[in-house]
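Encoded as structure tokens, the structure appears first; notes follow it.
The values are calculated or read from the model by the stated rules, or taken from the named source; none is laboratory data. Please read these numbers as outputs of a predicted model, since none were measured by experiment. Here the Cβ positions follow ideal geometry from the backbone for every residue, glycine too, while neighbour counts run over all protein chains shown. Just so you know, the surface numbers come from the protein's heavy atoms only, side chains and all, with ligands and any DNA or RNA stripped out. Shrake-Rupley method; radii C 1.70, N 1.55, O 1.52, S 1.80 Å.
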Amino acid sequence: MFGLSLSFLPFVGSGSKPEPTSTALDKPGTDGPVVLSYEAVEELGRKLDDLRARTVADLGQEDRDYIYKIIKAQRGFEVAGRGLMYLGFFPPAWIAAVGALSMSKILDNMEIGHNVMHGQYDWMREPGLNSKKFEWDTACPADQWRHSHNYMHHTYTNILDMDRDIGYGILRMDKDQKWNPYYLGNPVYAFLLMTFFEWGVMLHDLEAENVVQGKRKWSDIKPLVQGWWRKAGRQVLKDYIVFPALTGPLFVPTLVGNATANIVRNVWAYSIIFCGHFPTGVQTFTAEETAQETRGQWYVRQMLGSANIEGGPLFHILSGNLSHQIEHHLFPDLPAHRYPQIAPEVRALCEEYGLPYNTGGSFHQIGTVWGKIFKLALPNRFTGPDTVTGVIIEREKAAA
């Protein structure tokens, strides 16, 4: 377990309590854990608040132009994809149609839908970009997403048994999750979740394991099921009946093309999200140690519980800028295209306070994610100890 309070220090390092300082006591790469004093954490929090305030004060026409440009591109890809399906008898046209539809769905879900529903563009007072009214092109109803993701995940990021994104109720993604034989199928479950990710996201708020254990009643889940019926029903009707039927004799190629575009979007979204949350070095926490969190401590938890993916401008756009997951977890309501601008300052703060800034190329990050998925399919006694140095946070102000 990482992110322990100093009361646990004798078990991970020196038995004596360190003197409070305004910076980290141990730097990454040393033998001991990184230790942050209470004062250092609060000082860091104030600097991050200042960074956020400066960014908010700078929002304006540039941000309006950016999101309108992305929406225009998304709609263009969708029109092109739907139109090319009428030439689906010609294989290159079918492939181009699937590619265009995949791009449309990726942009809709990642750079538009996810970010708009975080309230990143509420300041524009544009009804079509209102976080409470926006609906996206995927099976999960927007209101259920806002609860499971915006509230549960971003409030309780990487807190075991509170953040249900740790494994999505399906996978074992942390050594402190109790192992049982079910998890031998971890890689299979992960592959299925990746392939059908939009449906896994739709079911996320169900808390299926609690339903199986009798902890949730029908009265609890009935509104969820009704929401699925309305939203997922429309998605199935649109992608698998109406649009294929409109192409007449090309019904089957169009249906297969639409299904393929959805799978491409699913695999992409899963990979980006998992790379931002589960590669080597991402840390987890307990409910007890985070019970009385200050703003600064919340910021530090977000930084330790997230990871970035390196890439070019197009890669960042297609990821919804969730390739800057650290910055997103710090400032989920800032327009995501601003994350590349503020990332150098966030990284500099990590270096100043001795905190890790978890970043790497996409192949490296996804490789460590899948390595973890296979590793955690086995009991801890077969996997060996973690080699990542943790960060210890002093959670109470030192006595004068």
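General observations
- Chain lengthening between residue 288 and residue 234 when straightened (0.36 nm per residue, less Cα-Cα): 15.2 nm
- Between helix 218-237 and the chain: long-axis angle, C-alpha atoms, 0 to 90°, nearest 10: 50 degrees
- Size descriptor for region 171-254, Kirkwood hydrodynamic radius: 15.8 Å (Cα pairs only, one decimal).
- Degrees between helix 91-107 axis and first principal axis of the chain (Cα, 0 to 90, nearest 10): 40 degrees
- Local electrostatic count, residue 262, Cβ distance below 9 Å [Lys/Arg +1, Asp/Glu -1]: 0
- When the inverse distances between all different Cα atoms of region 46-174 are averaged and flipped, the Kirkwood radius reads 17.2 angstrom.
- D_trans [Stokes-Einstein, Kirkwood Rh over alpha-carbon pairs] for region 249-346, 25 °C, 0.890 mPa s, µm² s⁻¹: 159 µm²/s
- Across all C-alpha atoms in region 320-400, the radius of gyration and Dmax reach 16.7, 49 Å.
- Amide H contacts under 5 Å for residue 35: 25, 26, 392, restricted to partners 5 or more places along the chain or on a different chain, H placed in the peptide plane at 1.01 Å from N.
- Set the Cα radius of gyration of the chain against 2.2 N^0.38 Å, with N its number of residues, and you get 1.04.
- GluC sites (Glu not before Pro) within region 320-400, DSSP loop, no more than 15 other Cβ atoms inside 10 Å: 396
- Helix 362-375 and the long axis of the chain differ in direction by around 80°, with both axes built from C-alpha atoms.
- Alpha carbon centroid spacing (whole Å) that separates region 81-118 from region 278-327: 29 Å
- Taking packing as the residue-averaged number of other Cβ atoms within 10 angstrom, the listed peptides 314-325, 102-113, 356-367 run from highest to lowest as 102-113, 314-325, 356-367.
- Most to least packed among 146-152, 378-384 [average Cβ atoms within 10 Å]: 146-152, 378-384
- Computed with a 1.4 Å probe on the full set of protein chains, the accessible area for residue 155 sits at about 50 Å².
- Global geometry of region 104-152, whether rounded, prolate or oblate, following the gyration tensor of its Cα atoms and the 1.5 cut on a/c: oblate
- Once both labels are positioned 7 Å from their Cα atoms along Cα-to-Cβ, the gap between residue 162 and residue 188 label points is 3.5 nm.
- Result for the chain in a Gaussian network model with C-alpha springs under 10 Å: among 225, 369, 116, the largest mean-square fluctuation is at 225.
- Phi to ³J(HN,Hα) by Karplus 6.51 cos²θ - 1.76 cosθ + 1.60 over region 108-120, Hz, x for Gly, Pro: 4, 7, 8, 7, 9, x, 4, 6, 4, 6, 7, x, 5
- Of the cross-linked pairs 105/372; 69/372; 215/372, those separated by over 32 Å at the C-alpha level are 69/372.
- Long-range Cα-Cα pairs in region 27-104 (distance over 14 Å), rounded percent: 76 percent
- Amide H within-cut-off set for residue 359, under 5 Å, with H built and near neighbours excluded: 308
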